[in-house]
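One structure is given below, encoded as C-alpha cells.
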Amino acid sequence: MAEAEELILALEQKQPLVGMIAPSFPIVFSYPGIITALKKLGFTHLAEVAVGARKTNEELIALMQKNPAARYITSPCPTIVRMVKKQMPQYAKYFTSGVDSPMVATAKICAKKFPGCRPVFIGPCLVKKLEAKEDHPELKILVVTYEELKQVFKRFQIDFNMAGAVGDKFDLYETGLTRIYPVDGGLSHSSGLLRQFQSQVMVVSGWKNCQQAIKDFDQDSQTRLLDILFCEGGCIGGPGIKSSLTPEERKQKILDYYAKNQV
C-alpha cells in the first residue's frame, strides 16, 4: 500500500501527474468513466499504455530484422525477467536487449509530451513496482494496481463507476491492435510477428508452464520467438485484478474495448 499512499500524497499536494493505464483496464473499469474519475481525482493527463506497446513492437521488429539468425524471449513481463535471471540465468541471453516494456516506453513518450508530469502506471501487475524502482529509477514511475487505485478513489470519495463526461478521453490513445496486449500472444499478434513467422513463434502463459517452455525453447532451434507471460491467460490474470469474470470473459472485455473505442 506504500505506493497508494505516495499517490494520495501527490494528489493532495496537487502535483502534476500523467496516468498511464494498462490495456487490461476494461476488465475492471468502464470507459470513458474511468477517465472522468481520474480527472476528478486530480490527474493532469491520461495515456493508454497501448501507445507504448506500439513502440515496444517497433523496437522488437527492428531487433529481429537486424539479427535474422538470433532467437529471442520477449521481456515486457518483469516476473519472467526476474525468474530467469534468478533461477535460470543461463537463458537470460535470449532476452530482447534494448527493447523497452510498454510501461517504460509509455513513460518515455509521456516525458516528452507532458514535461514536468510524474508518470503513474496503473495496471494489474505487482512486479511492475520492482521494474520501475530497480530497472528504471531515472523515470520516477509510480506504480499502483487497479485494486490500490480503488482505495485511492475511496479515500477521496470518488465513484470510479461514474458515467463518463461528454468529451472525456485519453490524451494519448491507441486505436490499433496493441490494445489486445494483455492477452496471451498479444505481443506477437499485434506486432504481426505471429503472422510473419507462424510456427517459429511460441506463445505461452501461466506460471506452471513457464520454466518448461523456456527449456523447450532453448532446445528447439526452429523457434525464433518465445512470447511468454507469467500470469494465466496473460496480464488479464494479474494479481492486481479482482474480478469474478472467467479468463474468457476477461479476454472478451479487452476485445470489445478494442472493437468499440476506435477514437
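Here are the numbers:
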{"quantity": "Qualifying residue in region 114-123 (condition: of a type in the set (Lys, Arg) and in contact with a Pro (Cβ under 9 Å, 6 or more places away or on another chain))", "calculated": "yes"}
{"quantity": "Enumeration of residues in region 85-104 that are more than 17 Å from residue 213 (Cα to Cα) and touching a residue at least 60 places away in the same chain (Cβ under 8 Å)", "calculated": "102, 103"}
{"quantity": "Within region 65-93, tally of residues that are assigned to a helix (DSSP H, G or I) and within 19 Å of residue 186 (Cβ to Cβ)", "calculated": "4"}
{"quantity": "In region 118-141, the residues that are crowded, with 18+ Cβ neighbours inside 10 Å and outside any helix (DSSP H, G or I)", "calculated": "118, 119, 120, 121, 122, 123, 124, 125, 127, 141"}
{"quantity": "Single match in 107, 62 (criterion: assigned to a helix (DSSP H, G or I) and touching a residue at least 24 places away in the same chain (Cβ under 8 Å))", "calculated": "107"}
{"quantity": "Region 186-200: number of residues that are farther than 30 Å from residue 117 by Cα and crowded, with 21+ Cβ neighbours inside 10 Å", "calculated": "2"}
{"quantity": "Residue match in region 188-197 (condition: in contact with a His (Cβ under 9 Å, 6 or more places away or on another chain) and not small (Gly, Ala, Ser))", "calculated": "yes"}
{"quantity": "Filtered residues of region 225-262 (kept if more than 27 Å from residue 143 (Cα to Cα) and surrounded by fewer than 20 Cβ atoms within 10 Å (Cβ to Cβ))", "calculated": "259, 260"}
{"quantity": "Count of residues meeting criterion [within 20 Å of residue 255 (Cβ to Cβ) and modelled with pLDDT under 95] in region 194-205", "calculated": "2"}
{"quantity": "Total residues in region 65-74, condition touching a residue at least 12 places away in the same chain (Cβ under 8 Å) and surrounded by fewer than 23 Cβ atoms within 10 Å (Cβ to Cβ)", "calculated": "2"}
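The values are calculated or read from the model by the stated rules, or taken from the named source; none is laboratory data. If you're wondering where the values come from, they're calculated on a predicted model, not measured in any experiment. With ideal geometry, Cβ positions are generated from the backbone for all residues, glycine too; neighbour counts draw on all protein chains shown.
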